[in-house]
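Below: one structure, written as structure tokens.
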């Protein structure tokens, strides 16, 4: 029997504890979710993606320099209910999630990373998840093209396309809908969510992919940060 989801009562979990080593220009002193995009930390942009659809209950998994995020929420009132939970400085993504089990309870919840935004329609995402009866539904996105594509035959270029997305595969863009069954597949702090848990759920045919064709951008590098600053208006969360 499929569960009835109270769409706007779902808790939102944000994984915000990673080291962010590829953005070390900024993350030597602050955690990655606090890196500013147009004068606001990226975590505030992520929260607004959910607020647009009425979600106000957030659980944030802290790790590296978590005190900086705590101080931010003390000073800034964002009209949300937020629980800030220390999940360990070196805990992996699956382990962080497992440490939040007592806060999440036994209900369906939303989950995303603390370094990516999208103008995804969360209502459609949740409806898709419910319809397909999955344990986990991820948002599949096509990464922004970084380089032009070429194909070579012998010594001649057979195909050339400048900065095309056509040959880019779908990737995990975060913005998950998750059932509490996920906790069965997370062993301990060393468990990486994207490996055994999601791979196992995939084998069980309980991992769904909601294809998002709109704006999505993660912030792995300084180049990504600059792209975000240029395109953050595409979120249109106002």
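Coordinate-derived values only; no laboratory data. All values derive from a computational prediction rather than experimental measurement. Quick reminder, even Gly has a Cβ in these numbers, built from the backbone with ideal geometry, and neighbours come from all protein chains shown.
Here residue 124 meets the list (1) loosely packed, with under 14 Cβ neighbours inside 10 Å; (2) on the phi > 0 side of the Ramachandran plot almost entirely, failing just condition (2). Here residue 60 fulfils each of the conditions (1) under 23 Å from residue 191 (Cβ atoms); (2) without any contact (Cβ under 8 Å) to a residue 40 or more places away in the chain apart from (2). Across segment 91-106, the number of residues qualifying as more than 19 Å from residue 196 (Cβ to Cβ) and out of contact with any helix residue (DSSP H, G or I) (no Cβ under 8 Å at 6 or more places or on another chain) comes to 2.
Scanning segment 6-36 for residues that are surrounded by fewer than 22 Cβ atoms within 10 Å (Cβ to Cβ), in a strand (DSSP E or B) and in contact with a strand residue (DSSP E or B) (Cβ under 9 Å, 6 or more places away or on another chain) yields a single hit, 11. Among the residues of segment 54-69, those identified as outside any strand (DSSP E or B) and surrounded by 15 or more Cβ atoms within 10 Å (Cβ to Cβ) are 55, 56, 63, 64, 65, 66, 68, 69. The residue of segment 194-213 that is nearest to residue 15 (Cα to Cα), among those that are assigned to a loop (DSSP other than H, G, I, E, B) and out of contact with any strand residue (DSSP E or B) (no Cβ under 8 Å at 6 or more places or on another chain), is 195. Residue count for segment 214-238, restricted to those that are within 17 Å of the chain's Cα centre (by Cα), in a loop (DSSP other than H, G, I, E, B) and either over 21 Å from residue 53 (Cα atoms) or free of Cβ contacts under 8 Å to residues at least 40 places away in the same chain (or both): 3. Consider segment 187-198 and keep the residues that are surrounded by 13 or more Cβ atoms within 10 Å (Cβ to Cβ) and more than 22 Å from residue 122 (Cα to Cα). The one that is nearest to the chain's Cα centre (by Cα) is 192. For the subset of segment 38-48 comprising residues that are in contact (Cβ under 8 Å) with a residue 24 or more places away in the chain and surrounded by fewer than 21 Cβ atoms within 10 Å (Cβ to Cβ), which member is farthest from residue 104 (Cα to Cα)? Only one residue tops the list, namely 38.
In this structure, does residue 88 turn out to be buried (at least 20 other Cβ atoms within 10 Å of the Cβ) and under 24 Å from residue 21 (Cα atoms)? Against the criterion (buried (at least 20 other Cβ atoms within 10 Å of the Cβ) and under 24 Å from residue 21 (Cα atoms)), residue 88 does not qualify.
State yes or no: is residue 94 closer than 19 Å to residue 222 by Cβ and within 18 Å of the chain's Cα centre (by Cα)? Write out each step before concluding.
Numbers: closer than 19 Å to residue 222 by Cβ: no; within 18 Å of the chain's Cα centre (by Cα): yes.
Against the criterion (closer than 19 Å to residue 222 by Cβ and within 18 Å of the chain's Cα centre (by Cα)), residue 94 does not qualify.
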